[in-house]
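All of the numbers you see were taken from the coordinates with simple rules; none came from a lab. Quantities reported herein were computed from a predicted structural model and do not represent experimental measurements. As a convention, Cβ positions derive from the backbone with ideal geometry for all residues, glycine included, and neighbour counts pool all protein chains shown.
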Amino acid sequence: MQLFKNIEQSINSHIDRNAFFINGVAYTYKQFAETISKIRKGISSATKEDEKNIGVVANDDLETYAAIIALWLEGRAYVPLSPETPRQRNENVIKQAGLDTIIDSSANAVFPELKVIESKKLDAVPVDLNPKNVSDEELAYILFTSGTTGNPKGVPITRANVTGFIEAFEDFKLDITKEDRCLQMFELTFDLSVMSYLVPILKGACVYTIPKDQIKYSYIAELMEDQALTVALMVPSILHFLRPYFSEVNCPKMRYNLFCGEALPLDITNEWSQCLPNAKIMNVYGPTEDTIFCTFYHYNRNAGNKSHHGIMSIGKAMKETYTIIIDADKKVLPAGETGELCLGGIQLTPGYWKNEEKNKEAFFHIDYKGKPTRFYKTGDLCRSDEEGDILYLSRLDNQIKIQGFRVELSEIEFFCKEFLKKVNAIAVAFENKTGNTEIGLIFESAAFDTAELMKYLKTKMPAYMIPTQTLFEMTFPLNSNGKTDRNLLKKKLLEKI
Amino acid sequence: MMERNQIIDEIRKIVVSVVKHENFQMRDDLVAADVDGWDSLSHMMIITGIEEKFGFKFKLKDLNKLKNMGSLIEMVQTKTAM
């Protein structure tokens, strides 16, 4: 409950400061407060209080962010729907979440089959940011992630989960103030967006968004320079895009640069750190199930950093998050041993939305520090060191077997990158015509002769780990979350063979 | 110096080869969002294609100035004249 009081208080105490910078236009907290209030009125007029889950069309405008805060102050949960997502998938989400009402700032309703609150057409009302008194066990949002069977999985996050995240984030003591200019590069269907708008709002800082029709990486570079951004949470893919231009990037104003969502290579971070001479760089980690992120590692620009196969450590658990590493029998492993990372604590989702089967697979109880505690299996293979810093090794399901031998694709990638220096490469496993598994290598590069590389790899790895097929792509495609789209690359490789 | 029309034609060919269709017109006010499939990834491929074809490298500052097709054509003109 306190979190929502804090939102109210922060908006009120920064009423003349800029809250958002969207597509070249700045909006003050006063405008934000007025827009939130209008939408609150729209919600309470159009719905009954027991209609808990309300859709929000994820546009890039003030009304969309105001709709989220309005729903929270009304004690409701938001379910973001991207107008760019295929219609069938959105319909699936609407059905699963049981949505009857949607808040839409578009000129023409994107989902006319639902009751639409047209957020751009509401009448002005007196400002009211006083949050309704609602239990912290109620939901704040539901995000849908891709499921293995093509049916998106709903991850409900409670108000207590979000509060837990914010309190743990505060524990970093990052000193973000009303003077900060903060990047929000994520689609609202991706939970890294929640930190990117909520942390600035709680500090009276300004949120800088990326217009949907812009080229993301070059727009980010432009904002960083022209608007002198001071706080940025990014996915590492942005660094891969910007790498050819690092020598031109100089952002001395950047104070905090966080990375999440993908493995963060240490070499590229070392290069990037020169572009932001005054920034603290952090690698943070966490699945949607554990609310935004839940472990952190401070990059040290003056000394060695912990890494495994060139991938930076994901560090330690945030406040009130528990991390354990287990073996296949759910036995907790000591430091130094490799197993599946499991997460518990205040940020953990109550479980997948109406999906008992997946819940049984992914969650379990175990005695932790003398108390029965619920944990989530991340599917990430990890190891922690004696100091408790966690090293990410690979996805458990990226572990493949070649002729019965266990092979980590990330190990192949590591040796490729070590030899090729600046060329990005990914390894994929595929089934050949005889039904055996082979390994393909895909390079983010123009074609080159791979003979020397293969020779090198053969000096590093047993024969069964040597890739048999190669493909060159000038740039790696990203999926909608901004991560390298491994599945698409694999498909391209298969088409070539 | 390369003729403007010649530059336009070469850029058009590069865009077509990346987005794999010709459903756009090379107007000066054409922006990426007008062209189906012109996203961050294909943008990078188009930029690389232009760099290879015309034999120069864009600076990051140049990329940020590319607001539409007109500014892209103009930039290629300037760069190739240098």
When the Kirkwood radius is taken over all Cα pairs of segment B:4-81, what Stokes-Einstein diffusion coefficient follows at 10 °C and 1.306 mPa s, in µm²/s? 128 µm²/s
Extension reserve of the A:Asn278-A:Asp449 stretch, reckoned as 0.36 nm per residue once the Cα distance is removed: 57.5 nm
With +1 on each Lys and Arg Cβ and -1 on each Asp and Glu Cβ, and nothing else charged, work out how big the dipole of the protein assembly as shown is about its Cα centre, in Debye to the nearest 20. 440 debye
Debye intensity ratio in log₁₀ form over the Cα atoms of segment A:91-143, taken at each q of 0.28 Å⁻¹: -1.09
With r defined as the distance between the Cβ atoms of A:Lys115 and A:Lys212 and R0 fixed at 35 Å, what FRET efficiency is calculated, to the nearest 0.05? 0.90
So what's the back-of-envelope 222 nm ellipticity for chain A, counting only DSSP H runs of four-plus at -39500 (n - 2.57) apiece and dividing by all residues, rounded to 500? -8500 deg cm²/dmol
If you line up the long axis of helix B:69-81 against the longest principal axis of chain B, both from Cα atoms, how many degrees apart are they, to the nearest 10? 30 degrees
For segment A:140-232, evaluate the Debye formula with one uniform point scatterer on each Cα (no solvent term) and list log10 I(q)/I(0) at q = 0.10, 0.13 Å⁻¹, rounded to two decimals. -0.33, -0.54
Using 0.36 nm times the number of residues separating B:Glu52 and B:Val31, minus their current alpha carbon distance, what extension gain do you get? 5.4 nm
Could you tell me which of A:Ile412, A:Leu341, A:Ile11 has its Cα farthest along the dipole of chain A towards the positive end, charges placed at Cβ (Lys, Arg +1; Asp, Glu -1), taken about the Cα centre? A:Ile412
Cα centre as origin, Lys/Arg/Asp/Glu Cβ charges: segment A:403-496 dipole, Debye: 40 debye
Calculated over segment A:1-61: convex hull of Cα atoms, volume per residue (Å³): 102 Å³
Summing +1 per Lys or Arg and -1 per Asp or Glu among the other residues with Cβ less than 15 Å from A:Ile314's Cβ gives -3
Evaluate peptide A:213-222: per residue, the Cβ atoms of other protein chains within 10 Å of its Cβ; return the mean as an integer. 6
Give me the percent of DSSP beta bridges within the protein assembly as shown that run antiparallel, rounded to the nearest 5. 65 percent
Longer than 21 Å from Cα to Cα, which of A:Lys5/A:Lys316; A:Lys306/A:Lys483; A:Lys492/B:Lys65; A:Lys422/B:Lys57; A:Lys5/A:Lys212; A:Lys95/A:Lys354 are they? Say none if no pair is. A:Lys5/A:Lys316; A:Lys306/A:Lys483; A:Lys492/B:Lys65; A:Lys5/A:Lys212
Expressed in nanometres to one decimal, the distance between label points 7 Å along Cα→Cβ at A:Thr28 and B:Arg12 is 5.0 nm
Ranked highest first by the average count of other Cβ atoms within 10 Å around their residues, in what order do A:363-369, B:29-35 fall? B:29-35, A:363-369
So for R0 = 60 Å, FRET eff. of B:Asn68-A:His365 from the Cβ-Cβ r, to 0.05, ends up at 0.55
What number comes out for the charge environment of A:Leu393, summing +1 per Lys or Arg and -1 per Asp or Glu over other residues with Cβ under 11 Å away? -2
Please state the shape class of segment A:1-138: rounded when a/c is under 1.5, otherwise prolate if a/b exceeds b/c and oblate if not, all from the C-alpha gyration tensor. oblate
How much length, in nm to one decimal, is gained on full extension between A:Val332 and A:Lys460, taken as 0.36 nm per residue of separation minus their Cα-Cα distance? 42.9 nm
Taking a ≥ b ≥ c as the square roots of the Cα gyration tensor eigenvalues, with a/c under 1.5 meaning rounded and otherwise prolate when a/b beats b/c, else oblate, which class fits segment A:403-496? oblate
Here FRET efficiency (C-beta to C-beta, A:Lys95 to A:Leu488, R₀ 41 Å, nearest 0.05) is 0.90
What are the semi-axes of the equivalent ellipsoid for chain A, taken as the square roots of 5 times the Cα gyration tensor eigenvalues, largest first, in whole Å? 38, 26, 23
Let's test this: bin the Cα-Cα distances of segment A:26-66 at 10 Å from zero up to the farthest pair and state each bin's percent. 26, 51, 21, 2
